[in-house]
Amino acid sequence: MSQVSGATAGGLAWWENRRVRDRIYKTVSYVVVIAGAAVLTIPFLWMISSSLKPSAAVFASPPQWIPDPVMWRNYIDAWTAMPFTRFLFNTVFIIALGLTGELLSTTVVAYGFARYRFPGRNVLFVILLSTMMLPYVVTLIPTFLIWRSLGLINTFDPLVIGAIFAWGPFHIFLLRQFMLTVPVQMEEAALVDGANTMQRFGYIMIPLIRPALLAVGVFTFQAFWNDFLGPLIYLNDMTKYTMNLGIYFFMGGPAEAPQWHWLMAMSTLLALPVLLLFFLAQRYFIEGLTVTGIKG
């Protein structure tokens, strides 16, 4: 019978045994991660639960997590209450234009910073990164005045072009850092074989930075899909509204009560594409972010 209390089989106290310490550390880490995931998941579960209830039961006390009865019709009623088919088309159209423009512009600029040496390159790159420190609200009014002077209010141009300039610096930085990890010798070998700049860029660089491009694509899609302030400021014709702006009508008005069950139903539908995209592309997405930090 052992007479050493709190000691391991090797005669060491548990806090002196590395294997025991590692096991405790992993257990505590898993508990913290699971608890954090549960806290972050609860609002999403409440949203799904509320989307299947009558409006009066959304804020019932005590809360009823499992709806009874389950009202799947809330999704149909919410979709038909407003022209969401048109809103979805507008949103997809904006995303298609913005995503294409963002990937083309940021990739070309990042390639220039990563592969070409020219006077003032580092200064320009620092200036580019410094624009990321400006909050969106600081440039909101001047930007609106510029678009209004160009006569482009109530068009998709401010949402697409403006977003490319607003989100471009971070994506350029992300792609440039990834390109710096690509050996220059690969492009030099292609140059010896007679490949011009566009061929080296298109056939060598682009395939090798695919994880970073996918990360930029996910970021851009999420930003356009979740954008509410931009459409609210620049669009005033309902036929041009986006999904997020359409959901806002369910908040009600001075003479109307909020339709919480419809609001939760449409919010659930809006969350699904982003979640699905991330789960399908998470391996490449994480690889793109991880490799970016290897070389500065």
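The slack in the chain from Ile34 to Met198, taken as 0.36 nm per residue of separation less the alpha-carbon distance, amounts to 54.2 nm.
Gain in length, Leu45 to Gln222, computed as 0.36 nm per residue apart minus the alpha-carbon separation, to one decimal in nm? Intermediate results must be reported in sequence, preceding the final value.
Numbers: separation 177, 0.36 × 177 = 63.72 nm, distance 2.05 nm.
So the chain would gain 61.7 nm between Leu45 and Gln222.
Taking the number of Cβ atoms within 10 Å of each Cβ as an exposure proxy, the fewest-first ranking of Met238, Met82 is Met238, Met82. When both segment 28-42 and segment 55-94 are represented by their alpha-carbon centers, they are found 28 Å apart. Taking one quarter of the surface of the convex hull spanned by the alpha-carbon atoms of segment 73-292 gives a direction-averaged projected area of 15.2 nm².
In segment 136-257, inverting the average of 1/r over every pair of distinct C-alpha atoms gives 17.7 Å as the Kirkwood radius.
Computed on the chain, with alpha-carbon pairs under 8 angstrom and 6+ residues apart, the relative contact order is 29 percent.
Arrange Lys240, Lys53, Lys26 by Cβ neighbour counts within 10 Å, fewest through most, would you? Kindly include the intermediate steps, with their values, before the conclusion.
On the way: Lys240 19, Lys53 24, Lys26 10.
In increasing order of surrounding Cβ atoms, one gets Lys26, Lys240, Lys53.
Length available on full extension from Tyr116 to Arg148: 0.36 nm per residue minus the Cα-Cα distance, which gives 7.8 nm.
Would you mind calculating the relative contact order of segment 122-224 from Cα pairs under 8 angstrom and at least 6 residues apart, reporting the percent as a whole number? Write out the running numbers ahead of the final one.
Values: 27 pairs, mean separation 28.6, N = 103.
Result for segment 122-224 is 28 percent.
Taking the Kirkwood radius as Rh and the Cα radius of gyration as Rg, segment 32-157 has a ratio of Rg/Rh equal to 1.15. Sorting Thr155, Thr220 by the number of Cβ atoms found within 10 Å of their own Cβ, with the fewest placed first, yields Thr155, Thr220.
Read the figures in this text as sums done on the coordinates, not as results from a lab. Because the structure is predicted, anything quoted here is derived from the model rather than measured. Every residue, glycine among them, receives a Cβ derived from its backbone with ideal geometry; neighbour counts consider all protein chains shown.
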